[in-house]
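**Q** So that we are looking at the same thing, I have put the structure below in structure tokens.
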């Protein structure tokens, strides 16, 4: 009995000097959820509508809103009504804000590139917003728009969420136009399956 009490006293005494006090934790600065290698798909009536991937997602909450940040970048893939990959968005960072009153906001920033694969168009900017309710993309920043018909640049852009019809709000006075053969066959190399090869 005396040996047991001595052993307990020894353990308590030896651990006492090694414990340290931690600083206080600010819950608004600490994520309530962290997801590594995030992979999300959205379907409707059995058809794939959207796919989203990110190396890291962190979710935060406070009294007025909850938000997710994607500090290591994000990739979003949108599919058309036939299930074909149509739109691809990549950026260095992204943020999704959900307000308590029901509003939400998606923001992508840092080397934002939006590609419409079917139309073979590419748009580059620094910051892009997605209005999910009204199904549109927009920005107020400098924009470069590349298409098979030429190149345009300016400030501000608005488009539907599939980037099918992009309009530059304040285009510069100069743009390039490429003369093309109108009889050329366009092949969607992303969605094209092609013939099956014999083994």
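The values are calculated or read from the model by the stated rules, or taken from the named source; none is laboratory data. Being a predicted model, the structure only gives us computed values, none of them experimental. So basically every Cβ, Gly included, is an ideal-geometry build from the backbone, and we count neighbours across all protein chains shown.
**Q** For segment 122-144, which positions are crowded, with 19+ Cβ neighbours inside 10 Å and closer than 21 Å to residue 79 by Cα?
**A** Once the filter is applied, which keeps residues that are crowded, with 19+ Cβ neighbours inside 10 Å and closer than 21 Å to residue 79 by Cα, segment 122-144 yields 123, 128, 130, 137.
**Q** Residues in segment 71-102 that are touching a residue at least 40 places away in the same chain (Cβ under 8 Å) and surrounded by fewer than 15 Cβ atoms within 10 Å (Cβ to Cβ): how many?
**A** Here the count works out to 1.
**Q** Follow-up. Please verify whether segment 56-63 includes one or more residues that are out of contact with any strand residue (DSSP E or B) (no Cβ under 7 Å at 6 or more places or on another chain) and either modelled with pLDDT of 90 or more or within 24 Å of residue 127 (Cα to Cα) (or both).
**A** For segment 56-63, residues out of contact with any strand residue (DSSP E or B) (no Cβ under 7 Å at 6 or more places or on another chain) and either modelled with pLDDT of 90 or more or within 24 Å of residue 127 (Cα to Cα) (or both): present.
Yes/no matrix, rows are residues, columns are (1) over 23 Å from residue 57 (Cα atoms); (2) out of contact with any strand residue (DSSP E or B) (no Cβ under 9 Å at 6 or more places or on another chain); (3) in contact (Cβ under 8 Å) with a residue 60 or more places away in the chain:
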position	(1), (2), (3)
104	no, no, no
110	no, no, no
134	yes, yes, no
140	yes, no, no
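**Q** Identify the residue in segment 159-172 that is more than 18 Å from the chain's Cα centre (by Cα) and assigned to a strand (DSSP E or B) and, among all such residues, is surrounded by the fewest Cβ atoms within 10 Å (Cβ to Cβ).
**A** Once the filter is applied, the top-ranked residue is 170.
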